Every structure is written in structure tokens, then in C-alpha cells.
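Some notes on the structure that comes next.
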């Protein structure tokens, strides 16, 4: 990339380009969110197929910081991993959490279930429910599964069990 081309870019375009280049060097890392405030605070949220470690955040921060000029634009930067209680935003996050329990909110219901499949179009959830017996009195435990397109998911959070 020519220095003149970079010089004519906005601050946000420069950060975005540098971040993209830094992530190419670490293919298991992926971007969840990039925010640049009016006060030029750069907030980068990352995830990793195997979990983000502190060194990943440091490496990404340094890769971007090394190519920006604070004399040209003063800024602050925060690079962090998606928190445990952060909602899933990317399909890749669903795929890496197969086998874990999620709380999924749709327009019509909230479901706590195991994520058994995640592809590019939908997720499949599985859980046990107590329902009235088909014959006789009382309830029985039944295995339920549900396929939900990503467009129907308002929020999904991985539950943490200790």
C-alpha cells in the first residue's frame, strides 16, 4: 500500500485496514466489533476459535499502534476479548460453541438449550422438557429440538456453569 494512499485515508479507514492486516497474521482470531468514538477512542473486541489470550490483544494493539501517527491524530485504544456474558454476534461464535448451553431469545420465546449444530444459515438447539403425558395423568420428560434461523435470534448468550 502506498504511503500517499494511506495518507489520504480517514482515521477510521486506516484503523480498519491495519486491523484487517493484523488479523490476517492470526487466522484463528476474528473481529466481533470495532468502534471509534468521536473522541478517537478505538475499541476493538476480538474472539478466537480457541479462546483469546492476553498476548493476542497485545499483538493486535501493537500492530495497529506501530503504523499510526499520534502527531497526526491523538487517540486511545482498547483491545479486548468478547466477555463470557457477551451475546454471540457472529456465526463463527456459534460454531465454536457447539456442545455448550445457550440462552436464546427470539421474538416469541426464551430457550435454554444445548447448541447441537450451527451452520451458515441456522442453529439447532436441543433440550429436555416436562410435558403432560399423551395418555394418562402426570408429566413425562421429552427431548425437544428446534431449528432457528439466525435472523430470528434476538440474543444468544453462552451459559457458564461451575
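The values are calculated or read from the model by the stated rules, or taken from the named source; none is laboratory data. Fair warning: this is a prediction, and the values are worked out from it, not measured in the lab. Positions of Cβ are backbone-derived with ideal geometry, glycine not excepted, and every protein chain shown enters the neighbour counts.
Before moving on, here are some points about what is shown:
- From 111, 98, 124, residue being surrounded by 10 or more Cβ atoms within 10 Å (Cβ to Cβ) and part of a loop (DSSP other than H, G, I, E, B): 98
- The number of residues in region 24-50 being part of a strand (DSSP E or B) and under 18 Å from residue 68 (Cα atoms) comes to 7.
- Among the conditions (1) closer than 27 Å to residue 34 by Cα; (2) modelled with pLDDT of 95 or more; (3) surrounded by fewer than 16 Cβ atoms within 10 Å (Cβ to Cβ), residue 147 misses just one, which is (1).
- Only one of 56, 49 that is farther than 17 Å from residue 17 by Cα, touching a helix residue (DSSP H, G or I) at 6+ places or on another chain (Cβ under 6 Å), surrounded by 12 or more Cβ atoms within 10 Å (Cβ to Cβ) and not assigned by TED's automatic domain parsing to the domain that holds residue 106: 49
- Screening residue 86 with (1) in a loop (DSSP other than H, G, I, E, B); (2) touching a residue at least 12 places away in the same chain (Cβ under 8 Å); (3) loosely packed, with under 12 Cβ neighbours inside 10 Å; (4) at negative phi gives one miss only, at (3).
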